[in-house]
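Undergrad: My structure is below; once you've seen it, I'll send some questions.
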Amino acid sequence: MTQHGLNVPLRLTALNFVKKTSYGFWLLTLGFWLIFSNSYEKTAFSQNLTPQPSLQPENKFVCHEQSLETLTTQLLRDLPGYANRATQRGRRLRRSSDIYSYTLVAGKPEFQSLPLELDGSHTDGQKNTASDIEQVFFTTLHRQYIDKKAVELQEFHWLLLTKTPSDWRFVMMLTQTGAYPQQQPPSPPRDSSNGSIAQGIKTWLRDCQAGSVRMR
């Protein structure tokens, strides 16, 4: 009887302990959950409030803001493609199958100016003085196929540009042609202002002014 009487309080005490422990554990778990939930909501809320970094826009080449050297570097990188497209357009217009050259590369720019004597007449009707003109000397390498044989030529260009407040403009260009590798002196200078290289330059300058040229 006494032993049985002792067992009942012991069982009740153990039950109460289990209940109290379970209740305490539940409270502890609930507390941790509330803390974690509150912390997560704050983090998510702060992330929503924090402006996300936007993707960087494509690096456009603002033509009129560039120096002559920077402009020329970008121009010569793009020039072979522009010149070849000008050549193809010319062939389609002429509907001829004459031999024509592919421009392979353009480079070796030099910026040391030569004395100029201009009559003030711009090719598109603009008036310029010698002080308005910027000079660029560069070389292009071309390949022709004659009787299924590849022949490479190099051309030496003297390009004249002028800068206005809004853009860069083509003035004129002179060109000499020679064999590659060079074995004899190149041909005398000729006015190449309407040739495929000049047409490519004019188109590139127009695209540059329109904002469609991309830095590479």
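Undergrad: Highest mean first, how do 131-142, 103-114 rank when packing is the count of other Cβ atoms within 10 Å averaged over residues?
TA: Sorting 131-142, 103-114 by mean packing, highest first, produces 131-142, 103-114.
Undergrad: Once phi is turned into θ = phi - 60°, what whole-Hz ³J(HN,Hα) does the Karplus curve with 6.51, -1.76 and 1.60 give for every residue of the stretch 170-180, x standing for Gly and Pro?
TA: 6, 9, 6, 8, 10, 9, 10, 10, x, 6, 10
Undergrad: Here is a further query. Output wanted: per-residue J couplings in Hz (rounded whole) for the stretch 181-186, from phi through Karplus 6.51 cos²θ - 1.76 cosθ + 1.60, θ = phi - 60°, x for Gly and Pro.
TA: Per-residue couplings from phi come out as x, 5, 10, 10, x, x Hz.
Throughout, read-outs are computed from the coordinates displayed, never taken from laboratory work. Source: prediction; values computed, not measured. Note: ideal-geometry Cβ built from the backbone for every residue, glycine included; neighbour counts use all protein chains shown.
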